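Here the structure is laid out as C-alpha cells; the discussion comes afterwards.
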Amino acid sequence: MNVARLSSIDLCIAAGLVVLLALLSFRLKLGLERQMIYSAVRMTVQLLLIGMVLQYLFASRTWWLIVVVSLVMLVAAGAEVRSRLKHKIRGFFGFGVGAGSMFVSSFSVTLLALLVIINQHPWYEPRYAIPFLGMLLGNTMTGVALASDRMTSLFYEQRETLEQRLMLGQTWREAVADLRRDCMRTGMIPIINSMAAAGLVSLPGMMTGQILGGSPPVEAVKYQILIMFLIAAGTGFGVICSIMMIERHMFDKRHRLRMEKLAAAG
Amino acid sequence: MGGACLGVCGASGVGKTLLLRSLADLDRHDGTVLLDGRGSSTYPGPEWRSLVALIPAESRWWYPEFGHHLPSGCNASDARQLLAACGFEDDVLGWQVSRLSTGEKQRLALVRALVRKPAVLLLDETGSGLDLENGLLLEKVVKEYRLAHDAPVIWVSHDREQLARVSRQLLTLQQNRIDIAGLAQTGEGRS
C-alpha cells in the first residue's frame with residue numbers, strides 16, 4: 001500500500017485551521033472557542049490512544065483481549081444511548097435497554113458478518129472484528145437512541161391517553177400500538193434515507209478511507225455496500241428491540257401503566 | 001349495590017380519584033375489590049377494566065375522527081341509541097375530535113365507554129364544568145344505563161347539588177376517615 005504518510009507537521013497544519021476557527025469565534029463573540037479547543041484536544045487524545053490500543057491488539061491477536069475491548073465498546077454505547085434519553089428510565093434497566101439493543105444491533109450482526117461473510121482465520125481477526133463492531137455500534141446507535149428517546153418522551157407526554165385506552169379495556173399492546181409504529185419509523189427512517197443518498201450526496205467515510213488506503217474503488221465500494229446492509233439491518237433490529245423492551249417494561253402484568261419507572265425530563 | 005348510585009365527595013387531594021383508580025385496578029392497591037363475589041385479581045387487567053369502566057373528567061382521544069374510538073365489534077343500533085340519548089345524530093361518527101366542545105367531549109366519552117357495556121361505572125367529575133343543560137342530559141343518560149343494566153355507579157364530584165340529584169347515598173372522604181350518609185348501606189360485596 002502506498003499511503004502518503006502523515007507527519008506531525010501535517011497534522012499541525014490541519015490543527016491550525018481549528019485554532020484559526022477558535023480565534024474567529026473569539027473575535028465574533030460566539031463563545032464556542034473553549035468548547036471547540038476542548039473537543040479537539042479530547043478527540044486527538046482519544047484517537048491516539050485507540051490507535052495505540054488497536055496497534056497492540058492487531059499485533060497480539062489475543063481472543064480474550066478482543067472480547068474485553070468489544071465489551072467495553074458495548075458498555076460505552078449502552079451508556080451513550082441512556083444519556084441521550086430526555087426522560088430517563090430509572091434503575092439499571094435504563095442502561096439495559098441501550099446495552100441490550102446495541103448488542104442486538106451490533107454484536108450479533110458483527111458476529112454473523114465475521115463468521116459467515118468475512119470468514120477469516122481466526123474468525124476474531126482483530127483487523128476486521130474491531131472496525132466492524134465500531135462502525136456498527138457508532139452507526140446503529142443514532143437510530144436506537146432516536147427511537148428510545150421518542151418512545152420515552154411519548155410515554156411521558158401521552159400517559160393520560162394511554163391510560164384512557166387501558167380504562168376502556170384495551171390491553172397494553174393495543175394501547176401502545178400507535179406509539180410503537182411511530183417510534184420505529186423515527187428510528188429507521190434516517191438509515192433508510194442515508195442508504196438512498198449514499199454515493200450521490202455523500203461518499204461514505206469507510207469507503208473513502210479504503211480508497212485513501214490504496215484499495216481499488218470497486219473493492220472499497222463492495223465493502224461499503226456490505227457495511228450499509230449490516231448497518232441498516234442492525235439499526236432496524238436494534239430499534240425493534242429497544243422499543244419492545246421499553247414498552248414491556250412500562251406496563252405490569254395487570255396491564256397498568258407504571259409511570260414511576262420514568263424520570264421527569266433532565 | 002346493583003343499580004344504585006353512590007356519590008363520593010371530599011376535599012381536593014383526599015384520594016377520590018385514587019379510590020376510583022384503585023377500583024379500576026389502574027394503580028397498585030391493597031385489599032380486594034369484588035364484583036359479584038369475584039376478586040379483581042382473578043380477572044386479567046383489561047377484562048376487569050372493561051367490566052369496571054372509569055370515565056375521567058377530561059377525555060383524551062387518539063384518532064382524528066370520533067367514530068374510530070368505538071370498538072369495531074360494537075352493536076350499531078346500541079351505539080345509535082346511545083348517541084341519540086346524548087343528543088347526537090349519526091353523522092357524529094365522522095366528526096373531527098379536535099373540533100369538539102368540552103360538553104360534546106364529555107358526552108361522547110360517556111358514549112365511548114357505555115357502548116362497551118360495562119357492569120360498573122366509575123365517574124370522576126363527569127359533568128362538572130358543564131352548563132346545567134348538558135350536565136342534566138349526561139345525568140339522565142347515566143341513570144338510564146344504570147337502571148337498564150342494573151349497573152352500580154360510583155360518582156365522584158365536587159358538586160354537592162349534582163350528587164344530590166344523582167345519588168341517594170353519599171360517601172365523604174376525609175383524611176383517615178370515611179363518612180357514609182343517606183340511605184342505609186346495602187351491604188353487598190359488590191363495590
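The values are calculated or read from the model by the stated rules, or taken from the named source; none is laboratory data. All values reported here derive from a predicted model rather than from experimental measurement. Cβ: placed from backbone, ideal geometry, glycine included. Neighbour counts: every protein chain shown. Side chains are part of the model used for accessible areas, which takes the heavy atoms of the whole protein and leaves out ligands, DNA and RNA. Shrake-Rupley method; radii C 1.70, N 1.55, O 1.52, S 1.80 Å.
Observations, loosely collected:
- Residue in the stretch B:15-34 that is farthest from A:Leu257 (Cα to Cα), counting only those that are among the hydrophobic types (A, V, I, L, M, F, W, C) and open to solvent by less than 10 Å² (accessible area, probe 1.4 Å): B:Leu20
- Among residues of the stretch A:244-253, those that are facing chain B (nearest Cβ under 9 Å) and open to solvent by 40 Å² or more (accessible area, probe 1.4 Å), counted: 1
- Restricting the first member to the stretch A:56-83 and to residues that are open to solvent by less than 30 Å² (accessible area, probe 1.4 Å), and the second to residues that are not in a helix (DSSP H, G or I), the beta-carbon pairs closer than 6 Å and six or more apart or on different chains are A:Ile66/A:Tyr124.
- Only residues that are more than 18 Å from B:Arg60 (Cα to Cα), at pLDDT below 95 and either part of a helix (DSSP H, G or I) or open to solvent by less than 30 Å² (accessible area, probe 1.4 Å) (or both) were counted in the stretch B:120-137, giving 6.
- B:Ser12, sole failed condition from (1) over 15 Å from B:Leu122 (Cβ atoms); (2) at pLDDT 90 or above; (3) more than 8 Å from chain A (Cβ to nearest Cβ): (2)
- Matching residues in the stretch A:147-167 - criterion: being within 11 Å of chain B (Cβ to nearest Cβ) and either touching a strand residue (DSSP E or B) at 6+ places or on another chain (Cβ under 6 Å) or of a type in the set (Ser, Thr, Tyr) (or both): A:Thr161, A:Leu162, A:Glu163, A:Met167
- Within the stretch B:56-74, being open to solvent by less than 80 Å² (accessible area, probe 1.4 Å) and either assigned to a loop (DSSP other than H, G, I, E, B) or farther than 16 Å from B:Val97 by Cβ (or both) holds for B:Pro56, B:Ala57, B:Ser59, B:Arg60, B:Trp61, B:Trp62, B:Tyr63, B:Leu70, B:Pro71, B:Gly73, B:Cys74.
- Odd one out for A:Ala197, checked against (1) touching a helix residue (DSSP H, G or I) at 6+ places or on another chain (Cβ under 7 Å); (2) more than 14 Å from every other protein chain (Cβ to nearest Cβ); (3) open to solvent by less than 60 Å² (accessible area, probe 1.4 Å): (1)
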